Each structure stands twice: as structure tokens, then as C-alpha cells.
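Below is one structure, written out as C-alpha cells; comments come after it.
Readers should treat all values here as calculations from the given coordinates under stated rules, not as data from a laboratory. Source: prediction; values computed, not measured. Neighbour counts are summed over all protein chains in view; Cβ atoms, including those assigned to glycine, are modelled from backbone coordinates with ideal geometry.
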Amino acid sequence: MVAEALACLVLVPVVAACLALVLPGRWRWLAVAAGLLPLPLAMAWLTGELGREGLITVAVAGFEAPLGIVWRLDGLSAVLVWLNIIIALLVGLHAAAHYPADKLNGFRFWPLWLLLSGAMNALLLSADLFNLFVTLELVTLAAIGLLVVDRKPQAMRAAVRYLLLALLGSLFYLLGVALVYGQTGTLDLYQAAGVLQPDLLGHTALVLMTVGLLVKAAIFPLHGWLPAAHGNAPGPVSAVLSAMVVKVAVYLVWRLWLWLAGDWAIPAGLTMLGLLGALAIVYGSLQALVQQRVKMIVAYSTVAQLGYLMLLFPLLGLVAFQATSYHLLSHGLAKAAMFLAAANLLTRLGTDQLGDLRGADRRMPLDVFTLALAGVSILGLPPSGGFIAKWLMLQTALAQGGWLWVGVILVGGLLAAAYLFRVLAVLCARPVACPELPVSGKADQLTSLVALGLALAALAAGFVPAPVLKLLATAWPLGGAP
Amino acid sequence: MTEWLLFWLPLAVVLVSALAGLGIFIAGEHRPILRVSLNLAAALAKVVLVGIMGLLVMAGQVPEFNFALLPGLDFKLRADSLSMLFAVLSAVLWLVTTIYAVAYLERARDRARFFGFFSLCVTATMGIAMAGNLLTFFIFYELLTLTTWPLVVHNGNRESFAGARSYLVHTLGASVFLLVGIIWLYQLTGGQDFIAGGYLGELGLDQYHSLRIVFWLLVIGFGVKAALFPLHAWLPRAMVAPAPVSALLHAVAVVKAGAFGLVRLVEDIYGFELVQTLGLDLPLLLLASFTIVYGSVLALFQTDIKKRLAYSTVSQVSYITLGVAIGGPIAAIGGMVHLVHQGLMKITLFFCAGIFANLLGVKKIDQLDGIGRRLPWTSLCFTIGALGMIGLPPVAGFVSKWYLGAGAVAVGREWVILVLLASTLLNAAYFLPLIKRIWLNEPARAWPAEIDASRLEVFGLVGATLATTGVAVGVGLFAGHPLSPLSWVTGIVTDYFP
Amino acid sequence: MVIDVFLALGLVVLAWQALIGGSLFRGIVMFIVFGMVLTLAWAWLGSPDLAMAEAAIGAGVTGALIMIAYWRLRRINAVEPRDPSPARSRLALVIAVLATGLVGAIGLAAVSALTGDATAARVMNETLPDTGLGNPITGVLIVFRNLDTLLEVAVVLAAYIAARAALGRESADLPLPPAPDTPLLTPLVVTLAPLTMVVAIYLLKAGSQYPGGAFQASALLAALGVLLVLTGRVGPAAAANWLTRAGLVIGTLVFCLVGLGMLVIGAPLLAIPGIWAVYLIEAAMMISIGLTLVLLFAGAPGLSGKRS
Amino acid sequence: MSLLLDAFAALLLLIGAFFYLAGTVGLIRFPDALSRLHALTKADNIGLLSICAGSALMAGELRVALLLLLIWLMALFAATVSAHLIARRSLRDAEDSGADAGKSPS
Amino acid sequence: MNHPEIWMLAAAGLFGLGLYSLIIARHLLRQLIAIKIMGSAVFLVLVVTAGLVDGSLDGIAQALVLTGIVIAVAAIAFALALVVSLAETTGSISLNPDDDDGR
């Protein structure tokens, strides 16, 4: 029964994507629904099963590790699959308003959307290094396809830059996989973990794979493509890009450094990754302070918030792992809400230049309120999920005496407050001179409510962390001090 | 049945105004009747619920709501006697201020947004009052910052944004220190609840060095909102907010939250003996005294009425810190009871300032000449309030100053009386000229912006002001009465200093 | 030893010609020649499957795609890109030398540390016979690691949809070079078309025992499609009719349905029951990938009969 | 017997190589496109024929020989058509640019 | 496959050349060719490091490279469509790095 649920997570969206491509007109809605609706059910059952057993492994095609590919569902991938499903469904609901399945742009949007969520589930489940390469490619192609669905010139330019860098990243990653396969004779990540020696070759393979993945995760020095891509993407696409696609690459870096090379003592490497994260936080926030477009501010905020995920390395420990994973979850929800709200502003007011948005809160109170709510979680202010993550991160940083990281987390929070309130101040200001912007297009309640729903989910994450953190604790490989 | 009530009552009390806020947002701008009735109903309901809880607490029960966020970390609302003091104050004053605000904002825009965030602020204040441990306290403390920001920004013009930015910089900046301090404390002690007399004492911790650092971190965190000396700059600038906001928030809710935090810190976390052994009480005492004098001196030089009242608040709130820092039961009584008295008097003064500005456009002190003839009742209230602040007997202010002085003597810190005397003289120095202008000077030819407000509007404004003045005087006169704040505080203090 | 050096050197020199200096057209031609030499290299290294794949897909189809893209870009005569600043090219040189050194050193170290105990491959060689397949590569692709192949076909499908999204308009007015009006073409097409079909089917069938398989066969079909498009026998259609869309999707769909079907009858997920299933999946993949590559070449949502 | 066959096959292979060499030299030396095409198509096809024959002899199986024959026919076909197309193209380029036929295309 | 060192050096050379051209190439098509050549280099490394198993090339490595080649052609085909579309919408066929680092 476990194999059926896992298969449902991956194959059902892919089949639905094919059907969505083939079926004419209104039937496509059926295919989309059939592709997305069973996912939460399957995952709910699997989470129950995971609660009992702690780890679920299925050999695809019946062949065990070195020969075949193994699917492995543990606490960490379960949390990310849940985030993927929530984003696919809720942001999908928002997309349904702009990309009706029976119209031309919907005809192109939905197959890619289904392939993207299916591919991400496949990536989160897979334990095979080469299979991860294939799923990463599918995720990247589907994401970039979605990026150019509206054929906006800036989006096109950003897409080409993103694709070139992503392909380069994949090549580096594949080079690392080649070395690992050469050394260990197996492609299964958890099997290779035992065999791979921390010698010159082992370290180089790890570095190559990490560099490749950091390009796809847009971590600080290699983040060049993210702002233009996320800033110019269509609303729902920028949400899924920021909330999931970038996170999946960071998830892989965690898998490599904590599972594959878990017991190699590389303090220098861990601190260096931490420093990259710190630089990302500062750089992203400063850029967000000077940008003029709301979506660019939110995009640079993603660059900053990704830095927090890299702080897991210098603060290695169970609590740090729980904290950064929970930050990943709550940031995913909050950032999706922010991007959807920004997209609503853009579509209905025709612009997202800060200068022209004065007094926007009178005409679109719900979306400005969503931006504020999601901002609360991004800042890590209480009752939000971000606060729980920030609290746990500070706790473990203090416990380990990492004063630098305490400082980085706090400064990150303040800078985030700076650029968020800068946006809110303009939105709530009284329109002084600018002409009364016509509220174009029908006031689509659905898109605003979806954005609000995601923001409330990010806040609700602040109240129910216990079960999620218990689930994450089962996945921690290294044991030792919290 | 009662134990079910004991569990859910604290949450209900906190959530009443939150639900009202949500309702007001949904009711929106175009249904004023529904919005106002919803708001008033919620205010009444809250007062009733707080009343019930007061009775329960007096009967010795301790209503407590507990929800475990994480194994070592739980969200606890607990109504002990100290929290009741602050809860009753904010509940009653929320009702009065709502009436005042409805009348005040009759012709303003964005009222739905205003009243929505207004009730969310009161939710945060109620949450602070009834927080059972530092984590819950911090959650509502930050919520207070978030929900007051839109109110300060309400007018949407340039000055209000400058004021709001300074408010944010101060509060969010200090919350960083507060967060580190709280997490460090949780590191040392695990998730402890507030206990009368302080839980650190019993734990017998020996890391005195880190305890001192944590103490100062928390003092900075609470000091911002309590407008202690270096961190007070935001309060005068935040006076650009509309009068009801300045009245309830900057005279009662926000400022009192900081002071309440300091009281919790000294009384319920560290316990006064530990503070004394760590040698922290003297610096805190000096800081409070300096703020008192500094606030009063600056108030002298202000030409704008609300700015003068703001600096007077800066100094008055430090009385509470002073009372707690002196040590000993009597001074603690003085400090805590001043929490209520100062709230009542200061809100009256702000109400009057609001009426002067709203009806006659009088904002500067020199425009006050002869306003007594034009608005007799408001000016009377203003005078009573001002006299109370100076500390003349019948009004509440005198009681707390008396207890503070007696407490200082009892503990052997006579020099504190000098501080009290100096501040009383300064109070007189900056309030009496106003009173003289109001009653004795000839009124100018025409008021700056005379408007013919409807009878209902005037009745609402003046009625609310009269109510608060009456309570302020009543509390002073019937101080001995068992239900008065003074006797309530003496009850609190007896179980702090057995 | 000499042949190794000759081929390796040839590869590097051709790559140099393709990438640096000279006009872009010359670079593309050199790239196609590079693909041919790489085919020889794979053959010499002892992997006929890869040789065929490189020839058909690496050099043939990719070369055709790049050539038609080059032709279209010249028609749009986009603005000539600026030359890179000297500082940038110096930086690039440094990075390139570093990368070459790194990969070279690591490669040599890896080669010297060849333990030869490639467990996965040895296990595969042992379990191959009982799948009834002779060709190990088809065995790995379709039976042992078939999730990779399934996702790979999905990648091709995603690439097609994304390309259609990028090109935008439904109607197929992406330019195609005019068909040369020489009498020679008709006999060429008439003889080549059936021959290619036969060879493709043969490759598919032979794939289970000898080198060959779905991907090489699909590339052949794609080559045939390209030939038909270029000679005007087949033209881009305005909209994708039902059949074309089904053709695009059949590869992924059949693979998924077979995989899920196994679950229904209790076998492990994606387990391949027998040789017939291998052929079914390979045929579906051949059609789907071949059709996708042709449509990507024509830059059109579908194909129609005569082209004006 | 087989020795003779092998020697003969080797000879055929050598002839083929020689023809290829000739074709390449022609490609480099000849001035214009048409003559280059001429050199290429003639020399290489014959070269291919002799190589196929040589390897067919070496393989010794009829099936392989027929396959090699098919390869030769296919190559012949492709060579003629492409040479024809290139020639047409270079002629048309020459008419457009007025120069005499055969300057190699850019 | 008896002289793996030669092939490894060749792969390193191709990788370096590709990277160099990727950085300085003026035309996007040239950059795509560079990516394809670097891909071939990585596949060479994969096959050579996998080494010989029972005398012949490692079957799994060959299958991986075959999958890699098909994915490479899919990615290149999509990239070409993107480049053509970029040329149509923005009229430029190169990604000069300093023109829009984030607009």
C-alpha cells in the first residue's frame, strides 16, 4: 500500500499533465483536478505511516539499491512534500483565475504546473544521485517554461540567463556524481555514504556537487539570476519559484552535507557555507531596500531568506536542523502569499512601481493586509511560523556560543523589518498627487482570498510547530548535542 | 463547570476584542452603525468578562489557559492579582476611549481601519496583562508594536510617517535585545512561569554575571515602551497620531505595557532580593529618577500641548519603575497603584487636549487663553487632571506619591523624596501656567478653527472626559474602599512581601 | 594508443574550432563535425550504443536544431552583440585554465584509483540474463532504472511544452527555409523515407539483444521528419490536432500506465513483466520523442500535409 | 587461401585510403567550389567502395557484405544529392554577387 | 578502453574550452554549443571513471550517458526556442552580463 501512495505522489501528476495536454477544452479542468487533488490524501496516509515507522523506503521496479532506484521518505522530505502539495494546490487555485485551463495560456500553463509538482515530489523522494540529476532537470525546465508563459521581454531575458546557469550547475553536479560513482560503485546516496572516503576525491566530488546545487539554489555569490527571474515571472509562477523550486536545491545540499558526508569533520567548509548564508542575508536585504518594484523587493527578500537556510551548517545540531527546516516551511508559505499579493496589486492596479502605489490600501485592503501578515512571518515576529524558527535558531546559536550567527539572525530580522515597512508605509500613505488609479479588471475575490489563506497558514504555523518538529526529529542523522 | 470556565475565561477575555477587530474590518467603511455597535458591544463584553474574572481572583481562584507550543515552550494566560490590575484598567479605559473616539472621528476617513487596529491593540494589551510567562509576554509585546504602527500612521501625512518610523526603529531595535535576553533566560532556567517573588531566587543560579547581562537586556527591551531615559525619544514624536490614539495608547496601553514589563521583571522573575544581591536596584533607581526629572524639565520647554503631556508621561511612568526599584512593600504599593492613577489622570488630560484641538483647533499652549469660558466642563476636567498630576490630595496622584515617599523612607533611601519633591515642583511649573491661561486670561478674538459639532458629538467627547475625571477623583477619595485600586494593590503586595 | 591520442586530440581541436574564432556558421559546422568524431570516440571506447546515440541525437538532431535556429536568427537580424571586454576575457581565461586543471587532475586521480569493483555494474551483469534481454543498456534503461527513463521522456515532453510556451503564438509562422525546387529531391525522399522507417523499426527490435533501442530509433525518425520538413513534403500546421498531441504524450503515458498497472496486479511499482512490455514502452517512446524533436525543429505545434 | 584473400583485402583498403587522400588534397587545392565538389564526390565514393569491398572480404559473411553494399549505396545517394544542392547554391550566390561561380560561401 | 588517462585529459580540455567560451561568447548559440561540448566532456568523465567491468564498458554508466544525451538535446532544443523568442521580443541575441543584473 505504501508503494501505491508514493507512486500516486509522482506518477499521478505526470499522467494528469499528459491528459491535460491531450484532452480538449473543458475536460482539461478535470485532468488538472485529477492530478492535484489525490496528492494531499496520499500524503496524509503516508504521514500517518511515517509516524509509525519513522522511515519508508521502496525499491522502484523491485531492484534494490546499487542496481535499481530507491524511494526514501523520511521526516525532512515529508515536510517538504507537504509544502509542495500545499503550494501546488493553493497557488494553483490562484493561477486558475489567470490561466483558465480551456484558454490557450492555460493549455500551456497547466501541463507544466503538473509536471513541476510531480517532478518535485519525485526529487524529494528519490535517494539516487543520478535520478536526482534527472528530476532537477525536469524541475528546471518546467519552472523556466512557466516563467515564459506570458512572453514578457524581461521574463524572457531572465529565463535565458536562468537556463544557462541552471545547465552549468547541472554539469558541475553531474561531474560530482561521476566521481562518486567512480569511487563507490553505487549511485544510491545513503549506500555511498558508508563507502565514500573523505579523501581528496571525496572532498572534490562534494564541492563540485555543492557548487552546482548552490547555483540552482541561488545562494549569495551565485544568485545573479534569481531577482530578474522571480521578479518578472507571472504571479503564481514567482510564488512557486520562491517557495519551492529554489528550496529543493537547498534540500539537496543538506542531504549531501548531512547524510552523504555527515561524519566527515569539515568545520572549515561548514563555516564557509554559514558565511555565504550570512552574506546572502545582508546583501539580499540591502538590495531589497533600494529596489523600486514590489516584486523585485520580494525577490531580493528571497535571496536574503535563503541565507537563513545555510545557517544550519555552522550551527550543526538537531535543534538547528528543526529550526532551519521549519524556517523553510514557514518562509515557503509566507513568500508565496507575498508574491501572490504583489501579483494581485500588479494585475489590478497595472503597476507595481512603489512610486505609483500610494494609498493602494484603500482600493485593495485585503491584499495589503496579506502583504503585512506574510511580512510578519518573514520578519520572524511572534505568532508566526517564522518566529518559532527564529526562536529555535537563536536558542541553539546561544547554546553553542555562536555570537556571530546570533548577530546575523537579529540583523537579518531588522533589515527585513526595514524593507517591509518601507513598502507598507507607501501602500498605507495617503495618495498625495498621483492620479486616482482606475481599479482595472474585475475585483477577483478568489485571488485575494488565496493569498490571504497562505498568509494565515504561515501564521498558523506559529501555533502548531510541535508535530512538525517531532516529525523532523526522526529524520536527523547525526544525533549528538542539540 | 467552574474549572471549564477557569480554563477558557482568560482566552475569551483576550479574544473578545480580537474578534471585534476582525468584525470591524469586515464591516468596513460603509456600515458605521454596525461597526460602532460591534465595537461598543465588544468593549462592554470585555468589561463584564474582566469583572467576572476579578471576582474569581478575589475568591482565590486562578483562571489559567495553557497551550503547549513546544515541549519546553508553552503559551500561558494566567490571571493573578497583578495582571487583574492592568486588565481592569485597560478594559475600562478601552470602553471610555471607544465612546470618545467615535465622537472624535465623526467626519474622519478610514474609520474601519482605525477601529479595527484599535481593538487589536487592546487585545495585545490584555494579552500582556495576563501573560503567564516571558514567551507569551513577548508574543503580545511584539503584537502591540505591530498593531499600533498603523494607528500612528493613520493620518498618512509626512510627519506621521516620520513619527511612525522613529517608533518602529526604537521598538523593533529594542525587541532584538529583549528576544536575546528572553532566550538566554530560557537557556538558563527553561520555560518558567511568573511567580510572585520571582522564580530565579529559588533556582539558586550562580551565574551572576550572565544574570546581570540578561537583566539589562530585558530592561532595555521593556524600557523602550516604558520611555526610560535614553529610549524615550519616540514618544513625543508619536504624538502626531489622532487624539484617541495618543490618549489610550501612548498614555495607557503602550507605555504601561513597558512599565508592567519592568514590574514583572523585578517582582515576578528576579524577585527584589536577587536584584538587590546582584546590585542592580541602585542603577535602575538612578535611571528612573533621572528620567522623572529629565521628562519634567523637557516638558517645561514644550509649546505644543500634546508634546508637553507626552514629556510629562515620560516622567510619570518612571514613577512606577521608581516604586519598584526602591524596594520594600510600601514603595511597591506606590509604584503599582500609580500604574492605575497615572493612567486615569493622563487619559483625562489627553481627552481634553483632543477636545481643544478637535472643536476649537487649539493646539498650542498660547492659544489656550480664556478657553474656560468657551468649554467650561472640559477645562474643569483638565484642571482636575493637572492638579492630580501635581499631586494635590483629593485626586489619585497624591496617593501614589505619598506611598512612594513613605516607602523610600521606610527603606532608608531618603534622597528619593528629594526627587519626588523636585518632580512635583516641576509638574506644578509646567501645569499651573496652563491652568492660569485657561481660567484667568482673556480669550483671543477668534478660535483658530471653530467648528459647530453636533450635540451628540460634543456630548460623547465631554461625557467620556467627565467619566475619567470622576473615576480619577473617586479613586483618590475612596482610596480606603476595599474595591479601590489601592486596597487591591496592597492585597497584591502582601503576597510579594510576606 | 595512437588512435586514442588521434581521436582525443581531434576532439579538442574541433571543439576549439567550434567555440573560438571564426564566424558562427563555421562554428556550427565544426560542432557537427565534433559530434561525428565523438561518435568515433565512443565506438573506439567500446560503446556502440553511445556511438549511435551521439551520431543520431548529439550531432544529427542537435546540429539540425542549431542550424535552423541560426537561420531564423539571421532572418530576425538581431542587433550584433558587443565584443566582451578584454578584462572579461582575461578573467574567463583564468577560470577556464583553473577548471581544466581541476578536472584533469581529478580525472587522473580518479582513473589511477580505479578499483574496478563497480558493484552496481557487476550486479547488473548477473541479473541481466533473467530479464530475457541481451543488451545491458536497454536492460538498465527499461527494466532496472526505468524511473530515470520515465522522467527523461517527461523532460523531453516538458521541453516541448516550454518551447511552445516560449514561442507563444498558436499559428506556426516561425519561418522555414524554402524547399529547393530541384527534381532530385523527389527520388531522394521516395527511397529514403521507407528505408529510414525500416531501419528505425529494426533498431527498435534489435535494441533488446544488440546495440540499438528507442532513443536511437526516435532520432532516426526525427531525422526523417526533418528531411520531410525541409523538402516541403510536410509543413507546420497552425494548431495541434488531437492525433499530434496524443503522439507527443504517448511515450510518457504508456510508461506511467504500465508502471501503475503493475501495482494493480501486486507487482512492485514500475516492474516490467516481460519482453512485450519492453517493446511496447520502447515503441511508444520512439514515436513520442521522434515527433517531439521534429516539432521542435519545425517550431510548430503540429504537422500538416502539403506545404505551400 | 585465406592469406591471399587477406592480402587482397588489405590492398583494397589501401586503394580506398589513397582515393580518400586524393579527394582531400583536391578539396584543399582546387580554387572554386564546383571543382572541389567534383573532386570530393568522385574520389570519396570510389574510396568508400573499395573500403567496403575490402572489409566485406575481411568479414567473409554474405550478410555483412550486403549490409556494406547498402551503406555504400546510401552514402552514394546522399553524396550526389548534397553535392547537387551545394552546387546550385553556390551558382545562385555567384549570380547574386556577380563574381564568377565558386568563391567559397562565407 | 585501455588508455583512460588520454580520454580524461581530453575531457578536461573540452570542459575548460567550453567554460571559457561560455563566459566570453558573444552569441547565445555559441554559448549553447559550449554547454553541449561541456556535457560531452562530463559524459566522457562518467564513462571513463566508471572503468571496465568484466572486460567491457560499465553498462550502467553507458545507460546514464544515454539518458544524459537525450536530456541534453531536450534542454538545448528548449534553449534554442528561448533564444529565438528572446530575439523576437527583445531584438538582442546575447546576454551581456551588465545590462540588467536585476531589473
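Listed values for the stretch E:53-59 are Karplus-derived 3J(HN,Hα) couplings in whole Hz (6.51 cos²θ - 1.76 cosθ + 1.60, θ = phi - 60°), namely 10, 6, x, 10, 4, 5, x, and x replaces Gly and Pro.
Does the stretch B:31-85 classify as rounded, prolate or oblate by the C-alpha gyration tensor (a ≥ b ≥ c root eigenvalues; a/c under 1.5 gives rounded; else a/b over b/c gives prolate, otherwise oblate)? Judged from the Cα gyration tensor, the stretch B:31-85 comes out oblate (a/c at least 1.5, b/c at or above a/b).
Close amide H pairs (under 5 Å, H built 1.01 Å from N) link B:Ala453 with no residue at least 5 positions away or on another chain. For the protein assembly as shown, evaluate the Debye formula with one uniform point scatterer on each Cα (no solvent term) and list log10 I(q)/I(0) at q = 0.04, 0.06 Å⁻¹, rounded to two decimals. Log-scaled intensity ratios, in q order: -0.33, -0.65. Rounded, prolate or oblate: which one fits chain C, using the alpha carbon gyration tensor with axes a ≥ b ≥ c (rounded when a/c is under 1.5, else prolate when a/b beats b/c, else oblate)? Since a/c reaches 1.5 but b/c is at least a/b, the shape of chain C is classed as oblate.
Near A:Arg430, no amide H atom lies under 5 Å from its own; only residues 5 or more places off or on other chains count, and H is placed 1.01 Å from N.
Please work out whether the stretch A:302-448 counts as rounded, prolate or oblate from its C-alpha gyration tensor, where a ≥ b ≥ c are the square roots of the eigenvalues and a/c under 1.5 means rounded, while otherwise a/b larger than b/c means prolate and anything else oblate? Because a/c hits 1.5 or more and a/b exceeds b/c, the stretch A:302-448 counts as prolate.
In order along the stretch D:48-63, the phi-based Karplus estimate (6.51 cos²θ - 1.76 cosθ + 1.60, θ = phi - 60°) of 3J(HN,Hα) comes to 4, 4, 5, 5, 4, 4, x, 5, 4, 4, 4, 5, x, 9, 5, 4 Hz; Gly and Pro are listed as x.
Couplings 3J(HN,Hα) for the stretch E:71-83, derived from phi with the Karplus relation 6.51 cos²θ - 1.76 cosθ + 1.60 (θ = phi - 60°), are 5, 4, 5, 5, 5, 5, 4, 5, 4, 4, 4, 4, 5 Hz, where x marks Gly and Pro. Apply the membrane-span-like helix rule to chain B: whole DSSP H runs, Cα extent along the own long axis of at least 18 Å, mean Kyte-Doolittle hydropathy at least 1.0. List the helices found. Span-like helices here: B:2-27, B:32-58, B:81-104, B:111-129, B:134-152, B:208-225, B:281-300, B:329-355, B:376-390, B:396-411, B:415-440, B:455-477. Which lysines, if any, have their Cα less than 29 Å from the Cα of A:Lys295, not counting same-chain residues under 8 positions apart? Excluding near neighbours in sequence, the set is A:Lys103, A:Lys152, A:Lys216, A:Lys247, A:Lys335, A:Lys390, A:Lys442.
Note on the stretch C:137-308: with charges restricted to the Cβ of Lys and Arg (+1) and Asp and Glu (-1), its dipole about the Cα centre is near 180 debye.
The long axis of helix E:28-50 is offset from the longest Cα principal axis of chain E by roughly 20 degrees.
Calculated from the alpha-carbon coordinates, chain E shows an Rg and a Dmax of 17.1, 56 Å respectively. Rg over Rh for chain A works out to 0.95, both radii taken from alpha-carbon positions and Rh defined as the Kirkwood radius.
The smallest convex shape that holds all Cα atoms of the stretch A:277-356, its convex hull, gives 60 Å³ per residue.
Mean partner shielding of peptide A:377-385, defined as the number of other chain Cβ atoms within 10 Å of each residue Cβ, is 4. Expressed per residue, the C-alpha convex hull volume of the stretch A:21-137 stands at 113 Å³.
Note on the protein assembly as shown: with charges restricted to the Cβ of Lys and Arg (+1) and Asp and Glu (-1), its dipole about the Cα centre is near 4260 debye. Counted as membrane-span-like here are DSSP H helices of chain C whose alpha-carbon atoms extend 18 Å or more along the helix's own axis and whose Kyte-Doolittle mean is 0.5 or above; these are C:2-19, C:24-45, C:62-76, C:86-112, C:146-167, C:185-206, C:214-230, C:242-264, C:275-298.
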